[in-house]
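Remarks on the structure that follows.
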Amino acid sequence: MTILVTGGAGFIGGNFVLDWLAQSEETVVNLDALTYAGNLDTLRSLRDKPQHVFIHGSIGDRPLVEKLLAEHRPRAVINFAAESHVDRSIHGPSDFIETNIVGTFNLLESVRGYWMGLSAEDKQAFRFLHVSTDEVYGTLSPQDPPFAETHRYEPNSPYSASKAASDHLVRAWHHTYGLPVLTTNCSNNYGPYHFPEKLIPLVILNALAGKPLPIYGDGQQVRDWLYVKDHCSAIRRVLEAGRLGETYNVGGWNEKANLQVVNTICAILDELKPRADGASYAAQIAFVQDRPGHDRRYAIDARKLERELGWKPAETFDSGIRKTVEWYLANPQWVENVASGHYRDWIDQQYGQIA
Ligand code: NAD
Ligand code: DAU
């Protein structure tokens, strides 16, 4: 048996592939375009594992994807591939339209062609799981209830609009063509192998480097944090037992204001790796200009996933954030390769010069 994972050299996809192969002998074909966010260093431990087949390429490359599907005959496709950073989408939205919308469309078409050719039994068993985000629902005010699956789509950034569009395509391919799809909409993830453009790894690494810890606006924006391995377990559970055509919200019931998150990280670092001058890392906090269109609050109602599929997160924010800080302290080589850009050398060495 085989699954095809797209974007499996990124943060969540990489954690998913590592977790999958730690618990299963089922082969993972990992298709990743290795953009700046793709990091094969994350998958180094799988180098000699025949169950991990890495393919450098894009979800938008139909001949390639069709060839992969025909050759490996996966029982499921799990689509993590995306441009994922909101700030980048504000500075340059076109890659987001290309990958998240056009790329997902091309992937759906390749997968539909493959699925149509399967035997009746394999056709029924096949799944296309699309990994999406809570940002498609827009923003909440403090008194609003958390986002349920029935909340209307109100995306506010180029990133979230592109993800919303991809969710709509996935839904349409189910309703129109019968493709057996599942969609997950998850809140903010954090944990090992997180690229340091995102708040949590950026703050950990800037703190250790003696740099400012940039807080957008007043730092009172709220995110609902989920440890990445809990997201991976939710995806495995939805893949296993999710109802076809359904969407499942994934979240950890961990709403925190950004300033609170940054202060928590500083307190853990103060304890585990105190500054030489004895001051708290919190002294490095710097309030900077806000993100345009910054969503004020996200919160996920994950009760459907718990009720229907019995999923619950294993980590609280306190346990997960401590593990995360410890992981960054224990993995200076991975950090150094990312910070210096040397993780690209490893890619060049393995795959030749890539764009
Ligand atoms: P990431 O940016 O760390 O990784 C994305 C990966 O996709 C990279 O390895 C990149 O090389 C690859 N990729 C980009 N374009 C591609 C293409 N055309 N073809 C093949 N591969 C391509 O992102 P992430 O944080 O791991 O997010 C993974 C998915 O989960 C995304 O779809 C994102 O929208 C969603 N999501 C993320 C979060 C979060 O907090 N990070 C939360 C909810 C949902
Ligand atoms: O909600 C799920 C989403 O979470 C995913 O779909 C996205 O792919 C993922 O990037 C993440 O989006 P956010 O914009 O919420 O994550 P980010 O880490 O960029 O920012 C978290 C919060 O911290 C947000 O309110 C902006 C703020 N922030 C971020 C950075 C990078 C700062 O205050 N300072 C910073 O330097």
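The values are calculated or read from the model by the stated rules, or taken from the named source; none is laboratory data. On a predicted model such as this, the values are computed, not experimentally measured, just so you know. Positions of Cβ are generated from backbone atoms using ideal geometry, with glycine treated the same way; all protein chains shown enter the neighbour counts.
Give me the pairs: first residue in region 48-65 and away from ligand 2 (no atom under 16 Å from the Cβ), second residue outside any loop (DSSP other than H, G, I, E, B) and charged (D, E, K, R), beta-carbon distance under 7 Å, and six or more apart or on different chains, which are they?
As it stands, the answer is 56/32; 62/109, since those pairs meet every condition given.
Report, by residue number, each residue of region 4-28 that is crowded, with 22+ Cβ neighbours inside 10 Å, away from ligand 2 (no atom under 16 Å from the Cβ) and of a type in the set (Val, Ile, Thr).
Correct list: 5, 17, 28.
In region 230-248, which residues are outside any strand (DSSP E or B), away from ligand 1 (no atom under 12 Å from the Cβ) and surrounded by 15 or more Cβ atoms within 10 Å (Cβ to Cβ)?
Those that are outside any strand (DSSP E or B), away from ligand 1 (no atom under 12 Å from the Cβ) and surrounded by 15 or more Cβ atoms within 10 Å (Cβ to Cβ): 233, 236, 237, 238, 239, 242, 245, 246.
Considering each of 72, 85, 91 in turn, give the residue that is of a type outside the set (A, V, I, L, M, F, W, C), out of contact with any helix residue (DSSP H, G or I) (no Cβ under 8 Å at 6 or more places or on another chain) and within 16 Å of ligand 2 (Cβ to nearest atom).
Of the residues listed, the single one that is of a type outside the set (A, V, I, L, M, F, W, C), out of contact with any helix residue (DSSP H, G or I) (no Cβ under 8 Å at 6 or more places or on another chain) and within 16 Å of ligand 2 (Cβ to nearest atom) is 91.
Any idea which of 37, 9, 22 is closer than 24 Å to residue 335 by Cα and free of Cβ contacts under 8 Å to residues at least 12 places away in the same chain?
One residue alone meets the criteria, 22.
Just checking, how many residues over region 111-159 are closer than 22 Å to residue 16 by Cα and of a type in the set (Gly, Ala, Ser)?
Residues in region 111-159 being closer than 22 Å to residue 16 by Cα and of a type in the set (Gly, Ala, Ser): 2 in total.
Residue-by-condition table, conditions (1) farther than 30 Å from residue 274 by Cα; (2) in contact with an Asp or Glu (Cβ under 7 Å, 6 or more places away or on another chain); (3) at pLDDT 95 or above:
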residue	(1), (2), (3)
137	yes, yes, yes
166	yes, no, yes
175	yes, no, yes
178	yes, no, yes
183	yes, yes, yes
191	no, no, yes
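Just the residues that are of a type in the set (Asp, Glu) and crowded, with 16+ Cβ neighbours inside 10 Å, please, taken from region 249-290.
Hits for region 249-290 are 255, 270.
Please indicate, with yes or no, whether at least one residue in region 272-291 is in contact with a helix residue (DSSP H, G or I) (Cβ under 9 Å, 6 or more places away or on another chain) and under 30 Å from residue 32 (Cα atoms).
yes
Evaluate the following for residue 104: is it farther than 25 Å from residue 294 by Cα, in contact with a strand residue (DSSP E or B) (Cβ under 8 Å, 6 or more places away or on another chain) and surrounded by 14 or more Cβ atoms within 10 Å (Cβ to Cβ)?
Yes: the conditions hold for residue 104.
For region 235-271, give me the residue count where each residue is more than 29 Å from residue 151 (Cα to Cα) and touching a helix residue (DSSP H, G or I) at 6+ places or on another chain (Cβ under 7 Å).
Residues that pass the stated criteria total 8.
Here are some conditions: (1) in contact with a Leu (Cβ under 6 Å, 6 or more places away or on another chain); (2) within 11 Å of ligand 2 (Cβ to nearest atom); (3) more than 30 Å from residue 270 (Cα to Cα). Residue 132 meets all but one. Which one does it not meet?
So residue 132 meets the others, but not (1).
Is it true that some residue in region 220-230 is more than 22 Å from the chain's Cα centre (by Cα) and at pLDDT 95 or above?
yes
Checking the conditions here, which among 172, 125, 148 is within 21 Å of residue 249 (Cβ to Cβ) and in contact (Cβ under 8 Å) with a residue 40 or more places away in the chain?
148
Is at least one residue of region 192-207 closer than 25 Å to residue 335 by Cβ, more than 16 Å from ligand 1 (Cβ to nearest atom) and surrounded by fewer than 23 Cβ atoms within 10 Å (Cβ to Cβ)?
Taking every residue of region 192-207 in turn, at least one turns out to be closer than 25 Å to residue 335 by Cβ, more than 16 Å from ligand 1 (Cβ to nearest atom) and surrounded by fewer than 23 Cβ atoms within 10 Å (Cβ to Cβ).
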